[in-house]
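Here the structure comes first, spelled out in structure tokens, and everything after it is commentary.
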Amino acid sequence: MTAMRVLIAWLYSNTRSVLLCQLMHVFSTGSLVISSPPRVSAAQEVFWYAVYAAALWIAVAFLALVYGAKAWSPYQTSRSVGDSAGS
């Protein structure tokens, strides 16, 4: 799921914590295993994963709206635009 990768990358970019990223991955995988209904048809399983993917993309959109594009960049700098490197 691409959205989960985006969320994990965002988490790492903003925390620099591999442990938090691993925990997020474990939680995601575990919740899919626990909350997946047993003995479903192929169509029902596809629907289940589509709902899960939609929820993840909603989370991505929420983070993008709340934190903006700056929080998604791995190349954040503390210098402002007016600062020069030579002074």
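The values are calculated or read from the model by the stated rules, or taken from the named source; none is laboratory data. The structure displayed is predicted, hence computed values, not measured ones. Heads up, the Cβs are rebuilt from the backbone with ideal geometry, glycines too, and the neighbour counts pull from every protein chain shown.
Listing for the model above:
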| read-out | value |
| --- | --- |
| Candidates Leu56, Leu32, filtered to the one that is modelled with pLDDT of 90 or more and surrounded by 11 or more Cβ atoms within 10 Å (Cβ to Cβ) | Leu56 |
| Considering residues of segment 36-66 that are free of Cβ contacts under 8 Å to residues at least 12 places away in the same chain and under 13 Å from the mean Cα position of the chain (by Cα) only, the residue nearest to Tyr12 (Cα to Cα) | Ala64 |
| Selection from segment 1-35 of residues that are of a type in the set (Ser, Thr, Tyr) and touching a residue at least 40 places away in the same chain (Cβ under 8 Å) | Ser13 |
| Those residues of segment 1-29 which are of a type in the set (D, E, K, R) and either under 11 Å from the mean Cα position of the chain (by Cα) or surrounded by 14 or more Cβ atoms within 10 Å (Cβ to Cβ) (or both), in sequence order | Arg5 |
| Within segment 5-20, tally of residues that are touching a Ser or Thr at 6+ places or on another chain (Cβ under 8 Å) and modelled with pLDDT of 95 or more | 0 |
| Scope segment 1-19; condition of a type outside the set (A, V, I, L, M, F, W, C) and outside any helix (DSSP H, G or I); matching residues | Arg16, Ser17 |
